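J.: There's a structure below that I have some questions on.
The values are calculated or read from the model by the stated rules, or taken from the named source; none is laboratory data. Computed from a predicted model, the values in this text were never measured in an experiment. No Cβ is skipped: glycine too gets one built from the backbone with ideal geometry, and neighbour counts run over all protein chains shown.
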Amino acid sequence: MSGGAANVLPGGLACPSCVSGALATDGAALVCAGCARTYPVLGGVPCLVPDPDLFRVLVRAGLEEYLSLTERRLAEIEVESAKPELSALTLGRLGRIAHALGEEQGRIRSRLAPLLPSAAALPASAIPARPVPSDELSILKCYEHLFRDWAWGGAESEATLRLLERVSPGALGRLAVFGAGAARLAADVHHSLGPTETLALDLNPLPLLVARDLVQGGTIELFEFPIGPSSENDVVVEQRLSCPYALRDGFFVLLGDALRPPLATGALDSVLTPWFIDAAGVDLRVTVATISRVLKLGGSWLNLGPLRFDGPVAGQYVIEEVFEIVRAAGFEVLAEAREKLPYFDSPVSGSRRIETVFCFAARKVREVVASAPPSPEAPWIADPRLPVPLTPELGQLRRTAVFTNALIGMVDGKRSISDIATELARTWRVDARAVEDRLRVFLSRLPRSRPR
């Protein structure tokens with residue numbers, strides 16, 4: 001089983017920047033024969049994103065956010081644990097959560113270590129990781145998928161594979177799985193449906209790095225924090241993750257953007273998009289065009305997942321519109337099925353749901369000229385030498401920052417909202433009552449500390 005090792009590469013790889021350049025191994029990196037760009041192999045996984053340096057900096061920033069928030073949560077638990085009215089059961093629960101959070105920090109830091117660039121001299125606190133504070137942790141995105149895929153979700157995985165088998169057109173040849181996530185379905189397909197090669201492609205580093213070790217025969221212990229735990233024993237569960245079978249050669253794990261896949265035009269016999277087309281962040285027509293580009297004429301596309309498109313109402317497609325777009329992009333729909341499947345039916349959680357899953361197989365029957373997907377980054381982010389334009393978003397941020405700094409300067413623990421409104425109204429020469437109303441709205445939307 002290949003696992004994406006530096007000296008063993010799948011066929012059909014191409015530079016994600018220039019697309020036309022083939023990639024060759026050069027030590028611990030891959031080099032494009034066309035534009036000479038270099039792509040590192042991190043922890044045994046090729047990092048085939050257009051800007052690997054920016055990707056690694058974002059991973060480091062995400063890890064710093066996670067560690068900072070976890071330390072804050074641990075401090076809050078310590079304060080709560082000092083309350084005299086807490087029972088022994090409650091203290092035990094808090095202690096188990098604190099222990100797991102502390103252990104989890106080290107395990108996640110260790111998993112991500114191969115991706116991290118060298119620490120910069122600038123303190124992390126000098127420039128915030130994001131313009132607006134958030135408790136959303138990018139590093140833990142899809143973290144729960146690891147437990148569903150590799151701990152307790154065998155029944156869900158089996159049901160998903162059986163649904164896919166119902167529409168599968170036959171031999172899959174060289175297959176890419178776009179948005180592989182924690183990669184259980186990609187591994188199941190490789191194990192059961194017989195593709196010659198399977199390329200599990202995703203941008204999310206933590207689940208992919210864990211999956212790589214598991215499919216190579218490793219075992220990993222991680223803490224699951226169930227939603228609505230069923231009992232005191234289920235508040236925190238240390239799960240042992242493993243792959244239930246030995247995976248044959250030809251399975252590769254790749255860090256890459258499925259909308260800008262590091263694949264040559266026509267390099268694939270088949271593409272699988274599980275729980276992907278409605279979560280890709282672009283209009284479906286862009287996603288379909290990308291899939292078409294990497295497929296050979298006569299190649300197969302398998303799709304599986306719900307339809308919960310975000311964004312403009314016009315782009316929140318239903319299944320009939322999906323088929324219309326698929327056919328217009330040069331595909332013939334071969335088979336379709338839909339089924340209600342359990343989703344995250346954890347034995348230790350009080351939260352679970354049933355999803356209506358749409359599954360179809362399509363064959364590429366003609367070439368259709370399509371525009372390239374939009375760049376993932378603004379030009380002045382991709383090239384730090386370009387001037388930064390004053391965009392509407394930055395203009396709004398500047399106005400917000402000016403107001404926020406002025407407000408913070410007046411908050412001293414003594415002034416009330418009415419006091420601050422009066423001072424601001426005098427400066428702005430407006431009605432203090434209007435300022436007071438707006439201040440109440442602004443302050444009511446600030447993140448609040450948990451009660452102590």
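J.: On the given criteria, is Leu209 farther than 17 Å from Thr273 by Cβ and not in a loop (DSSP other than H, G, I, E, B)?
T.: yes
J.: Given Thr219, Thr265, which one is without any contact (Cβ under 8 Å) to a residue 60 or more places away in the chain and surrounded by fewer than 16 Cβ atoms within 10 Å (Cβ to Cβ)?
T.: Sole residue among the options that is without any contact (Cβ under 8 Å) to a residue 60 or more places away in the chain and surrounded by fewer than 16 Cβ atoms within 10 Å (Cβ to Cβ): Thr219.
J.: Residue check, Thr427 against (1) modelled with pLDDT of 80 or more; (2) among the polar types (S, T, N, Q); (3) touching a helix residue (DSSP H, G or I) at 6+ places or on another chain (Cβ under 8 Å), all met but one. Which one?
T.: Answer for Thr427: the failing condition is (3).
J.: Here's another thing I want to ask about it. Would you point out which residue out of Leu146, Leu161, Leu140 is in contact with a helix residue (DSSP H, G or I) (Cβ under 7 Å, 6 or more places away or on another chain), without any contact (Cβ under 8 Å) to a residue 40 or more places away in the chain and not small (Gly, Ala, Ser)?
T.: Within the list Leu146, Leu161, Leu140, the selection yields Leu161.
J.: Next question. Suppose the filter is surrounded by 15 or more Cβ atoms within 10 Å (Cβ to Cβ), of a type outside the set (Val, Ile, Thr), farther than 30 Å from Pro226 by Cα and in contact (Cβ under 8 Å) with a residue 12 or more places away in the chain; does Phe331 pass it?
T.: yes
J.: Right, next: Among the residues of region 80-107, count how many are in contact with a helix residue (DSSP H, G or I) (Cβ under 7 Å, 6 or more places away or on another chain) and either assigned by TED's automatic domain parsing to the domain that holds Leu209 or not small (Gly, Ala, Ser) (or both).
T.: 8
For every residue, the table says whether it meets (1) within 24 Å of Glu355 (Cα to Cα); (2) aliphatic (A, V, I, L, M).
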{"site": "Val210", "(1), (2)": "no, yes"}
{"site": "Gly250", "(1), (2)": "no, no"}
{"site": "Ala264", "(1), (2)": "no, yes"}
{"site": "Trp275", "(1), (2)": "yes, no"}
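J.: Looking at region 240-254, is at least one residue in contact with a Phe, Trp or Tyr (Cβ under 7 Å, 6 or more places away or on another chain) and either among the polar types (S, T, N, Q) or at pLDDT below 95 (or both)?
T.: yes
J.: Name every residue in region 280-299 that is among the small types (Gly, Ala, Ser) and either at positive phi or not in a helix (DSSP H, G or I) (or both), in order of residue number.
T.: Answer for region 280-299, where residues must be among the small types (Gly, Ala, Ser) and either at positive phi or not in a helix (DSSP H, G or I) (or both): Ala280, Gly281, Gly298, Gly299.
J.: Tell me, which residue of region 86-118 that is part of a loop (DSSP other than H, G, I, E, B) and surrounded by 10 or more Cβ atoms within 10 Å (Cβ to Cβ) is modelled with the lowest pLDDT?
T.: Once the filter is applied, the top-ranked residue is Pro117.
J.: Any residue in region 58-79 that's under 23 Å from Leu91 (Cα atoms): show its pairings with residues that are hydrophobic (A, V, I, L, M, F, W, C) and in a helix (DSSP H, G or I) at Cβ separation under 7 Å, as long as the two are six or more apart or on different chains.
T.: Correct list of pairs: Thr70/Leu101; Arg73/Leu101; Leu74/Ala98; Leu74/Leu101; Ile77/Leu94; Ile77/Ile97; Ile77/Ala98.
J.: Picking from Phe223, Phe276, which residue would you name as being in the same structural domain as Phe360 (by TED's automatic domain parsing), on the phi < 0 side of the Ramachandran plot, in contact with a Phe, Trp or Tyr (Cβ under 7 Å, 6 or more places away or on another chain) and aromatic (Phe, Trp, Tyr)?
T.: Checking each option against the conditions leaves just Phe276.
J.: Still on this structure, please answer the following. Would you pick out the residues in region 270-279 that are buried (at least 16 other Cβ atoms within 10 Å of the Cβ) and in a loop (DSSP other than H, G, I, E, B)?
T.: Selection gives Trp275, Phe276, Ile277, Asp278.
J.: Any idea which of (1) of a type in the set (D, E, K, R); (2) assigned to a helix (DSSP H, G or I); (3) modelled with pLDDT of 85 or more is the one Arg398 doesn't satisfy?
T.: (3)
J.: Ok, one more. Within region 289-317, take every residue that is of a type in the set (A, V, I, L, M) and either within 22 Å of Thr160 (Cβ to Cβ) or touching a Leu at 6+ places or on another chain (Cβ under 9 Å) (or both) and give me the one that is surrounded by the fewest Cβ atoms within 10 Å (Cβ to Cβ).
T.: Leu307
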